[in-house]
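The values are calculated or read from the model by the stated rules, or taken from the named source; none is laboratory data. Here the structure is a predicted model, which is why all the values come from computation and not from measurement. Counting neighbours? That spans all protein chains shown, and the Cβs are built from the backbone with ideal geometry, glycine included.
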Amino acid sequence: MKTLDKFPISGQVDPGFEPVRAAFEKDFAKFGEVGAALHVTLDGKPVVDLWGGAANTSTMRPWRADTLVNVWSSTKGWLALAMHILAERGLLDFEAPVAHYWPEFAQHGKNTVLVRHILTHTSGLPAPSMKVPDEAVYEWTTMVHALEQSELFWEPGTKCGYHAATFGWLNGEVLRRITGQSVGQFLRSQVSGPLNADAFVGLSEQEQARTAETVPPPWFGEWLFDKLLALGGREGGMAFNNPPRPSAAANTRRWQEAEIPSSNGHASARGLARMYEPLALGGKVGEVRLLSAANVERARKEQIFQKDIVIGLPQKRSLGFMLSSGVNDPLPPTGLGHPGKGGSFGFADPAQRLAFGYVMNKMIIGLDTRAADLCRSVYACLKP
């Protein structure tokens, strides 16, 4: 779909970053991009701010600078930041058992699961161990009770397996027990609100009106993805499908209003980059300090680097964030962040004092180099 014929690229780039604009425009021709936006800051100042294409395929509503879109697992980075803020305030100990904050979780031998395990995808709970109803994805209490009743898939800390959905409920329930707030409430009051970041977990009706339609991948793409995961055994099959989170669900009001903090964050490119600015700038953005410089260093410190038994690829992770494994990922060597299913990507690079946010509505499963290409184009423009 040649959306740029009707809605050309808007925004601006600083002198020297013109190749980034060319790379962004190239994605529309190379990948059939429908609508997308890219925002990059250096030292807290925008150097790239671009958007273009259509926010939906029915009425061809143009993409705006403040268009929101579901960013899927890019949301995990926001929850990780929230957990580091709790630790900064002395409210959370990464070495403490999860059950210290959430006593009911200790059932069936889970008293040995530590907070650092649920942040590094090593807890042994990539999914509930029993089948849960499909509708449970929208029901916080149902998922929390299911995880309390679950048995571990492996001994905590001995394996890494992507907690595709449970990352949100496990960490989110610890946050809720400590603060009395849901993840969405905490982010608005303590993180995105103070930062003036256009980023939400749980959308109001007003915010839904400026949200882009998600354009799911062809049905066979998701089918093949599920089949490949199942080859990895019970863990892979259940991590993404117990409960299922189909791409088309992102276009429903129920999905947008729910709080599923592993998967249903909504942001503009500006908002996604803004959420990473504290990590890019030593913990402080303007007058808002969320972390100390020392705790930014703790957030980026490598915790694990091994093959992930759910996705079948080597993964390098800090406490809640993905690090560059050097194996076909878009992260720079000094960056920390998180990609989202289908293409979105946000990260910080403290070494360069850089924050990056890329969002789009056309999902691609496999062979998607959009974020990586844009990231390379940005770094090629940086002064040595």
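The set of residues in the range 128-180 being of a type in the set (Asp, Glu) and either closer than 20 Å to residue 256 by Cα or surrounded by 23 or more Cβ atoms within 10 Å (Cβ to Cβ) (or both) consists of 134, 135, 139, 173. Scanning the range 340-372 for residues that are farther than 18 Å from residue 212 by Cα, of a type outside the set (Gly, Ala, Ser) and at pLDDT below 95 returns 365, 367, 368, 369.
Scanning the range 270-284 for residues that are under 30 Å from residue 135 (Cα atoms) and touching an Asp or Glu at 6+ places or on another chain (Cβ under 9 Å) yields a total of 2. Residues of the range 95-117 that are crowded, with 19+ Cβ neighbours inside 10 Å, under 29 Å from residue 283 (Cβ atoms) and in contact with a strand residue (DSSP E or B) (Cβ under 9 Å, 6 or more places away or on another chain): 97, 98, 113, 114, 115.
Residues that are out of contact with any His (no Cβ under 9 Å at 6 or more places or on another chain), within 15 Å of residue 163 (Cβ to Cβ) and aliphatic (A, V, I, L, M) within the range 274-312 comprise 309, 311, listed in sequence order. Within the range 106-113, one or more residues are closer than 29 Å to residue 275 by Cα and either touching a Cys at 6+ places or on another chain (Cβ under 9 Å) or of a type outside the set (D, E, K, R) (or both). Of 185, 107, 181, which residue is polar (S, T, N, Q) and part of a loop (DSSP other than H, G, I, E, B)? Answer to the check: 181. Residue 304 passes every criterion in (1) aliphatic (A, V, I, L, M); (2) surrounded by fewer than 23 Cβ atoms within 10 Å (Cβ to Cβ); (3) closer than 30 Å to residue 12 by Cα apart from (3).
Out of contact with any helix residue (DSSP H, G or I) (no Cβ under 7 Å at 6 or more places or on another chain) and modelled with pLDDT of 95 or more - does that describe any residue in the range 230-242? Checking the range 230-242: not a single residue is out of contact with any helix residue (DSSP H, G or I) (no Cβ under 7 Å at 6 or more places or on another chain) and modelled with pLDDT of 95 or more. Among the helices (runs of 4 or more DSSP H) confined to the range 239-317, the ones with at least 1 residues that are closer than 30 Å to residue 42 by Cβ and hydroxyl-bearing (Ser, Thr, Tyr) are located at 269-280. Taking the condition touching a strand residue (DSSP E or B) at 6+ places or on another chain (Cβ under 9 Å), farther than 20 Å from residue 218 by Cα and crowded, with 24+ Cβ neighbours inside 10 Å, does residue 250 pass? Against the criterion (touching a strand residue (DSSP E or B) at 6+ places or on another chain (Cβ under 9 Å), farther than 20 Å from residue 218 by Cα and crowded, with 24+ Cβ neighbours inside 10 Å), residue 250 does not qualify.
Reported count of residues in the range 310-346, each being more than 21 Å from residue 237 (Cα to Cα) and either without any contact (Cβ under 8 Å) to a residue 60 or more places away in the chain or out of contact with any Cys (no Cβ under 8 Å at 6 or more places or on another chain) (or both), is 25. Residues in the range 269-301 that are farther than 18 Å from residue 80 by Cβ and crowded, with 22+ Cβ neighbours inside 10 Å: 269, 270. The residues of the range 211-229 that are more than 20 Å from the chain's Cα centre (by Cα) and modelled with pLDDT of 75 or more amount to a single one, 218.
How about the range 36-49: which of its residues are buried (at least 24 other Cβ atoms within 10 Å of the Cβ) and not hydroxyl-bearing (Ser, Thr, Tyr)?
Those that are buried (at least 24 other Cβ atoms within 10 Å of the Cβ) and not hydroxyl-bearing (Ser, Thr, Tyr): 36, 37, 38, 39, 40, 48.
Note on the range 1-94: enclosed strands (runs of 3 or more DSSP E) holding 3 or more residues that are free of Cβ contacts under 8 Å to residues at least 60 places away in the same chain and over 23 Å from the mean Cα position of the chain (by Cα) are 10-13.
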